[in-house]
Amino acid sequence: MIAYDEQHGVFRLDTPHTSYCMGLVDGKYLGHLYYGKKLSDMDLSYLFCPNDAPLPPSADPAEKGSFIGCFPAEYPTSGTGDFRESCVDVRTQKGQNGLELLYQSHRIYQGKEPLTGLPSTFGKNCDTLEITLRDAGLSFTVILSYTAFTDTDVITRTARMVNEGTSFVMLTRALSASLTLPDDGMEILTLNGAWARERHIERQKLSGAGTVIESVRGEPGHVMHPFFALLTPGTDQTKGEVYAMNFVYSGNFLAKVQRDQYGQLRAVMGIHPQNFSWKLLQNESFQAPEVVLTYSSCGLNGMTHTFHDFYRNHLIRSPWLHKRRPILINNWEATYFDYNSDKLLSIAKEAGKAGIEMLVMDDGWFGAHRDAPTGSLGDWVVNKRKIPEGLKSFSDKVHAEGLKFGLWFEPEMVSFDSDLYRAHPDWVLRTADRRPVMIRDQAVLDFCRPETVEYITESIAKILRSAKIEYLKWDMNRSLCDLGSAYLSQDQQGEISHRHVLALYRIQGKLLEEFPDLLLENCSSGGARFDPGMLYFSPQIWCSDNMDPMERLMITEGTALIYPLSTIGSHVCKSPNDITGRETPFETRALVSMLGNFGYELDITRLPEEERKMIPCQIALYKKVAPLIREGDYYHIASFRENHIYDCTEIVSKDKTKAVMLFVQVLSEANVRGRIIRLQGLDADKVYEIEGRRYHGDTLMNAGFVVERIKGDFRAKLFEIQESDSVSSSPRP
Ligand code: DGJ
């Protein structure tokens, strides 16, 4: 619900349990008033402290600068008196900057419109408010868009800038949203990491000037994630207030939480202004990507459940969303580049016998020289030395073993040792005619150039048309640098990173139009591009190259803080693990991998017989729990990251009739007794059965369930919890 109180100039957006309020001062300065628990009052304009100095410009024009300097601007600009972080700026033809954006008009409508060229959330259960702000001197307009959902506690925000002047302007900053909150001792939670250590949870007190979370790599990257949550002191899984922002975008981002001298926090999020500019001719507009905002008054669980439901119901479009994905075997860590069709068919044969449902042929099947990462990217034709029968007949053979077939691509990149590069050296990003800095011996294709985008789209489509291919893994193994395009004019070079992301979206959108049932899994050197933008196109993303189950606990914990388990690609690795060298039991590797889209990434033909025999049971168990994992409510009950001993995850069905609990004992301890686990999210009044014993929900949630002592490191046990249809063994008094 969205309302406007004309008398006091106040806007209020309500979701089921939250309110978001803004107001106008002097009828033209749009400021933030409140975000948090749902309120009853409409007129919150008193929160602007209208009688305190500095007074509004109408009352004290001489101190307009002081007013702007502390005003909680809803969409701050720079260059005109606000010296804090700003959302938007331009450079005019005269080379000057600065904007003064004042309220012009607004409109409220039912529903939500898609964003041109960008992924965005959707749904019917929502209302949208558009507020138009204008700099009259420059004839420059910004339309702020807010959508309040009525079925979930989410508000989405975006901004569109329009140049209505007669001469061009260079947009030099175009962030999507800003939020002002009281600075009352908040902590900030972020997801940080590195390759193979993606999205580890970090919490710290907001101090000093604040915190910056950013990427200028052309993708979100492994190091920081386009997300943060501000937490009131003492917040944990079940209590405390949480304000979170997540960015629906797959490129450079800046998120900054800044403390000002007036006891306010300003949080902004959007495309990173570094190396960014966008030339806007008369009547041209720029659409900023969407930000998802949520507030929870019941701790991190509340935030997590909102994000999971929101992304499942309002972002992911794939027809696979509510379907169990085929249990796959991927040959990457089984063979790396060293394979041919005989080898893969022997894997497919064993996999088929064990009940595995799809073979994914990873990197190495194409071009003339893909025996190492040094060549052939860009040459999307099958390598007849490795796959002599060609793709069609290879895929037929895989299908004859009872498996579906999937294929790996890395469409955004090119090797210098490739026919594509030899034919089109100008299709590569480079500056000053320098050889671009190589990462993994590959360069980045110039996606600003329409022929490049067309060539890549058509090369992939041609392969997909040529054989029965049910799954595509879209990889991207380097960050963007050497940002120079031979195609764009001198004053458009600042557009390259954003144009790259827009082209990526266009290609994936186009392919999915032609192949709507294709199961697309995005990937970027593991999980460097695991973001809501990519989830709009692919229902799942490869979460990390690190499949060591103990390490995966922390990666899954951070990822699942925002994203549903149904979006996480999760495979059973070999032991010892190639990255950590750790040896872990096969059973543990399988159980931990069940917290996501389950698969294997090992050479099944070389697996010891007793382990191979375990696979059908693992598959049967996964098939049984998969609907719950995919659709249920996720609770992270105990974190190995915090306690350094064990980890515990629980997933409860929406109707609370079923749950699963995965207990992982990372390190064994001497002289300890069974561990009491207090379950969450059950129905207090229902009776549940676990391993043949019955308990009331309130008993399990308050007194707890005992996980009997397990001896040994790296052990895991999965407990199935089922509502019992008869009376409890210990009836209520
Ligand atoms: C990085 C991915 O994360 C891996 O799964 C694998 O596909 C390799 N690239 C192949 O080069």
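The values are calculated or read from the model by the stated rules, or taken from the named source; none is laboratory data. Owing to the predicted nature of the structure, the values given are computational and were not obtained by experimental measurement. We place every Cβ from the backbone using ideal geometry, glycine too, and count neighbours over all the protein chains shown.
For the range 417-433, the set of residues classified as buried (at least 18 other Cβ atoms within 10 Å of the Cβ) and part of a helix (DSSP H, G or I) consists of L420, Y421, W427, listed by residue number. Mind counting the residues in the range 1-33 that are closer than 24 Å to F310 by Cα, among the hydroxyl-bearing types (S, T, Y) and part of a strand (DSSP E or B)? Residues meeting the conditions: 3.
Residues are listed down the side, and each one gets a yes or a no for (1) out of contact with any Leu (no Cβ under 6 Å at 6 or more places or on another chain); (2) among the hydroxyl-bearing types (S, T, Y):
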| residue | (1), (2) |
| --- | --- |
| G208 | yes, no |
| E214 | no, no |
| H222 | yes, no |
| H225 | no, no |
| Y243 | no, yes |
| G251 | yes, no |
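Consider S19 carefully, then state whether it is surrounded by 19 or more Cβ atoms within 10 Å (Cβ to Cβ) and of a type outside the set (A, V, I, L, M). Against the criterion (surrounded by 19 or more Cβ atoms within 10 Å (Cβ to Cβ) and of a type outside the set (A, V, I, L, M)), S19 qualifies.
Put simply, of K343, K392, K349 the only residue that is surrounded by fewer than 16 Cβ atoms within 10 Å (Cβ to Cβ), farther than 23 Å from Q508 by Cβ and more than 32 Å from the chain's Cα centre (by Cα) is K392.
Within the range 96-106, being touching a Leu at 6+ places or on another chain (Cβ under 8 Å) and in contact (Cβ under 8 Å) with a residue 40 or more places away in the chain holds for L99, L101, L102, Y103, H106. Considering the range 512-549, and only residues there that are buried (at least 24 other Cβ atoms within 10 Å of the Cβ) and acidic (D, E), the residue that is nearest to the ligand (Cβ to nearest atom) turns out to be E521.
Checked against (1) within 16 Å of the ligand (Cβ to nearest atom); (2) within 30 Å of I327 (Cβ to Cβ); (3) not basic (K, R), M438 passes all but condition (2).
Could you tell me whether G364 is surrounded by fewer than 23 Cβ atoms within 10 Å (Cβ to Cβ), within 16 Å of the ligand (Cβ to nearest atom) and either under 28 Å from M438 (Cβ atoms) or at pLDDT below 95 (or both)? First the steps, then the outcome.
Numbers: surrounded by fewer than 23 Cβ atoms within 10 Å (Cβ to Cβ): no; within 16 Å of the ligand (Cβ to nearest atom): yes; either under 28 Å from M438 (Cβ atoms) or at pLDDT below 95 (or both): yes.
Taking the combined requirement at face value, the residue does not satisfy it.
For the range 1-16, residues that are in contact with a Ser or Thr (Cβ under 8 Å, 6 or more places away or on another chain), surrounded by fewer than 19 Cβ atoms within 10 Å (Cβ to Cβ) and not hydrophobic (A, V, I, L, M, F, W, C) total 2. For first residues located in the range 480-505 and at positive phi, partners that are of a type in the set (S, T, N, Q) and lie 6+ apart or on another chain with Cβ distances below 8 Å form the pairs D482/T431. Considering (1) surrounded by 15 or more Cβ atoms within 10 Å (Cβ to Cβ); (2) more than 29 Å from F286 (Cβ to Cβ); (3) in contact with a helix residue (DSSP H, G or I) (Cβ under 8 Å, 6 or more places away or on another chain), the lone condition that G81 does not fulfil carries the number (2). Look at (1) within 14 Å of the ligand (Cβ to nearest atom); (2) in contact (Cβ under 8 Å) with a residue 40 or more places away in the chain; (3) in contact with a Gly (Cβ under 9 Å, 6 or more places away or on another chain) and you find that E601 fails only one, number (3). For the range 568-578, the criterion of being more than 13 Å from the ligand (Cβ to nearest atom), at negative phi, polar (S, T, N, Q) and buried (at least 24 other Cβ atoms within 10 Å of the Cβ) is met by no residue.
Candidates in the range 382-422 are the residues that are among the polar types (S, T, N, Q) and within 27 Å of R325 (Cβ to Cβ); of these, the one that is nearest to the ligand (Cβ to nearest atom) is S395.
Counting only strands (runs of 3 or more DSSP E) wholly contained in the range 107-190, no element carries 3 or more residues that are without any contact (Cβ under 8 Å) to a residue 60 or more places away in the chain and surrounded by 23 or more Cβ atoms within 10 Å (Cβ to Cβ).
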